[in-house]
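So the structure is just underneath, and the comments pick up after that.
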Amino acid sequence: MNKVDLNLPIRVGTSVIGPLSILRMNTEEAVQLVRTSVKLRYPIEIAICNAHTTLTALDNPAFAATLQEMTLLNDGIGIDLASRFLNGKGFPDNLNGTDLVPALLAEIDLPLRIFLLGASETRVQLAKDHIEQVYPQHQVVGARNGYFDMSDCDAVCAEINGTAPDLLLVGMGNPRQENFIVQNRANLDATVAIGVGALFDFMSGSVIRAPKMVQAAGLEWLFRLLQEPRRLFRRYVIGIPRFFAALVRIKNGKSQI
């Protein structure tokens, strides 16, 4: 069960998709969630779930259990269609990390201490520069790449804790970023930890966002596939049909793909 339902003064509905219970929030409510957590110093861990994340959870019960320990938000047209198919209604807003985090940094009325973890050293440092230039009200207190062995997590956590961040953004792809957050939560002093996927790649300018018209049409996934066909072929060309086949099985009361 999402801890936010029990401990923070925010009440919203959920959409259940397979083993995952995803909050039905608009952008303003998501920003308020983070603000309330920081102000109360109440730790939360946020995962932003798209079709690929959900399919990975359906394939991997251990990853599903990890996500069930987190506060889940929605990302992308695939998960919105899944909610409509299984629950009769979609989500108020698309809360993909590439849009949600900039909205959070722009709209939250608290100065945040931020640590960036993930991507290559060059890209995470460029993302740090971007945040410092565009959102000078916040302080990026640390940044390091995501290329470390999981046996080194104690040292990574110590580096993060030494900066006392309010907000930890982890961009290492899933399931690695969610596993890192949940497995190391007891050793992390950051108030809010969010898995942000490819956010640093976009903030650094290394990867180009789809035009607004393409985003509005729900085709950003196709734009990304055309940019990186070798890396994303399996996720989209194979994964999307498998995802919708899994939804049909769920709808028919079958738990396996």
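The values are calculated or read from the model by the stated rules, or taken from the named source; none is laboratory data. Note that this is a predicted model, so its numbers are computed, not measured. Please note: Cβ atoms are built from the backbone with ideal geometry, for glycine as well, and neighbour counts cover all protein chains shown.
Against the condition modelled with pLDDT of 95 or more and more than 19 Å from Gln68 (Cα to Cα), how does Asp189 come out, does it pass? Show your work before the answer.
Numbers: modelled with pLDDT of 95 or more: no; more than 19 Å from Gln68 (Cα to Cα): yes.
Judged against the criteria, Asp189 is not a match.
Could you list, in sequence order, all residues of the stretch 202-238 that are of a type in the set (Ser, Thr, Tyr) and under 23 Å from Ala57 (Cα atoms)?
Step one: of the stretch 202-238, the residues of a type in the set (Ser, Thr, Tyr) are 204, 206, 236.
Listed by number, the list holds a single entry, Tyr236.
So which helices (runs of 4 or more DSSP H) are wholly in the stretch 112-210 and hold at least 2 residues that are surrounded by fewer than 21 Cβ atoms within 10 Å (Cβ to Cβ)? Lay out the reasoning, then the answer.
Working: elements: 121-134, 153-161, 176-183, 199-203.
Per the criteria, 121-134, 153-161, 176-183.
In this structure, does Glu220 turn out to be within 20 Å of Leu100 (Cα to Cα), at pLDDT 90 or above, crowded, with 17+ Cβ neighbours inside 10 Å and of a type in the set (D, E, K, R)?
Details: within 20 Å of Leu100 (Cα to Cα): yes; at pLDDT 90 or above: no; crowded, with 17+ Cβ neighbours inside 10 Å: yes; of a type in the set (D, E, K, R): yes.
So Glu220 fails the test.
For Val141, which of the numbered conditions (1) out of contact with any Pro (no Cβ under 8 Å at 6 or more places or on another chain); (2) at negative phi; (3) in the same structural domain as Gly173 (by TED's automatic domain parsing) fails to hold?
All conditions pass for Val141, except number (1).
Rundown of residues vs (1) without any contact (Cβ under 8 Å) to a residue 24 or more places away in the chain; (2) outside any helix (DSSP H, G or I); (3) over 21 Å from Arg234 (Cα atoms), yes/no style:
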{"site": "Thr14", "(1), (2), (3)": "yes, yes, yes"}
{"site": "Leu23", "(1), (2), (3)": "no, yes, yes"}
{"site": "Val31", "(1), (2), (3)": "no, no, yes"}
{"site": "His52", "(1), (2), (3)": "no, no, no"}
{"site": "Phe63", "(1), (2), (3)": "no, no, no"}
{"site": "Ile79", "(1), (2), (3)": "no, no, no"}
{"site": "Arg84", "(1), (2), (3)": "yes, no, yes"}
{"site": "Asp93", "(1), (2), (3)": "no, yes, yes"}
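Quick one: how many residues across the stretch 65-76 are part of a strand (DSSP E or B) and of a type in the set (S, T, N, Q)? Before the answer, list the steps.
Keep residues of the stretch 65-76 that are part of a strand (DSSP E or B), which gives 71-74.
Now narrow it down to the ones that are of a type in the set (S, T, N, Q): 71, 74.
Count: 2.
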